[in-house]
Structures are given as structure tokens and as C-alpha cells.
Amino acid sequence: MTLRWADVGDGDALAAVYAPAVTDGVASFELEPPGGAEMARRVAATMPAFPWIVLERGGDVIGFAYAHPFHTRAAYDWSAETSIYIDRAHHRTGAGRTLYTALLAILTEQGFCRAVAGITLPNPASVGLHESAGFRPVGVYHRIGWKFDSWHDVGHWELDLRPDASHPPRPTPATALPDAFLERVWRCGP
């Protein structure tokens, strides 16, 4: 498996991985799966400030993880919300752990202090992945999303990336990280 930055050329592959989360379940609250052009637009809009990474096997994208602003107010600039999606054929193969290990290392190196994630409940596999990465639960929004003719709860998890940070500098853009650091991150995959 190979880790790397996502790029706009990955749009169709990202859309293929993501579509089942939209059409076949409630992991995503989107109602219509975005196509490749929209996924490419999202990658372009996310980077360079926030990371968007893919995991490949045999040249095929089998999963992706990314971060984006937690909220737009300036005081939240040191917090990032994370998302991860794995092709169903690669669930329980270590792909999620590989992606999250890399994503969290990048966010920490950028200078982010906290990562947060929302998980539609119940979803024991996603809860297990997040908690194994160090996230801890902080609360639940009940009946917050309406999809497939029913209400769904969303749990929230958080992870301190820099628990001792006081007066932190502004986070560095993802694509401005040193090549030597990124080479170590990309090599940490299986």
C-alpha cells in the first residue's frame, strides 16, 4: 500500500470510494453522491491549507482521509475536523489505521492542537477506529440528521494533538511541510 497527497486527478477514484457512504448508509449525510469533478473541486479547495491523503494498493485508490476547518471563526484556527472513507473491500485490513496515523501526524506537524470527528451512530467500526487512534467521546447530537426516512444521532470525538500547547503559532499549510517529514509519513504505511 502507498500513501500520498490526493490531487485533482483522483476525483473519480475518490467518488467511487465515497459513493457507498452516501447511497448505502448514513456514514455521510449527503443525499446524492458527488461525481469525480466535485470530488476534485473539494480536494483543490481543501489543500494546501489542510491535508487530503489517499491510500493506494496496486495503483488503485482504496481509501482517503482529509481534514478541514472545524469552524470558520478565527479562534478555531488550531482545530481541524477529520474524515475518513475506505473502500468496502478493504475494511478491516489496516487501511483506516494507516490513513489516520498519517493524517494525524501531518496535522500535528502543521501545528494543529485538536482534531475532532463526527460519527453517525451506531457505527462500532468507526468508533473503534477513532478510539484506537486516541480519540475520546465528548457528546452526542440526538436526532440531528434525517436520511432514509428516519432520524440519526451523531456522536462527537476529540483528540488532543498538542495538549501542552500555549501560545501556538498559526498552523503551517499542509503542502508547505518539509519533504523529509512527508517522506517519513509516506513510508509509515504497511
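The values are calculated or read from the model by the stated rules, or taken from the named source; none is laboratory data. What you are looking at is a predicted structure, and each value in this text was computed from that prediction instead of being measured. FYI the Cβ positions are ideal-geometry reconstructions off the backbone, even for glycines, and counts take in every protein chain you see.
Within the stretch 71-124, the set of residues being over 16 Å from PRO137 (Cα atoms), hydrophobic (A, V, I, L, M, F, W, C) and over 15 Å from the mean Cα position of the chain (by Cα) comprises ALA74, ALA75, TRP78, ALA89, CYS113.
Screening ARG73 with (1) under 26 Å from GLY25 (Cβ atoms); (2) of a type in the set (Lys, Arg); (3) surrounded by fewer than 14 Cβ atoms within 10 Å (Cβ to Cβ) gives one miss only, at (1).
Given the options ALA21, ALA80, name the one that is in contact with a Leu (Cβ under 8 Å, 6 or more places away or on another chain), under 23 Å from ILE119 (Cα atoms) and buried (at least 18 other Cβ atoms within 10 Å of the Cβ).
Unique residue meeting the criteria: ALA80.
Filter the stretch 133-181 down to residues that are at pLDDT 95 or above, loosely packed, with under 13 Cβ neighbours inside 10 Å and outside any strand (DSSP E or B) and give me whichever is nearest to the chain's Cα centre (by Cα). By that ranking, first place goes to PHE148. Among the conditions (1) closer than 17 Å to LEU177 by Cβ; (2) touching an Asp or Glu at 6+ places or on another chain (Cβ under 9 Å), the only one that PHE64 does not satisfy is (1).
Only a single criterion out of (1) at pLDDT 95 or above; (2) over 16 Å from LEU177 (Cβ atoms); (3) surrounded by fewer than 19 Cβ atoms within 10 Å (Cβ to Cβ) is not satisfied by GLY59, namely (1). Only residues in the stretch 30-53 that are under 14 Å from VAL17 (Cβ atoms) count as the first member; pair them with residues that are surrounded by fewer than 17 Cβ atoms within 10 Å (Cβ to Cβ), Cβ under 7 angstrom, at least 6 apart or cross-chain, and list the lot. Pairs found: PRO33/THR23; GLY36/ASP12; ALA40/VAL8; VAL43/ASP7; VAL43/VAL8; ILE53/ARG4.
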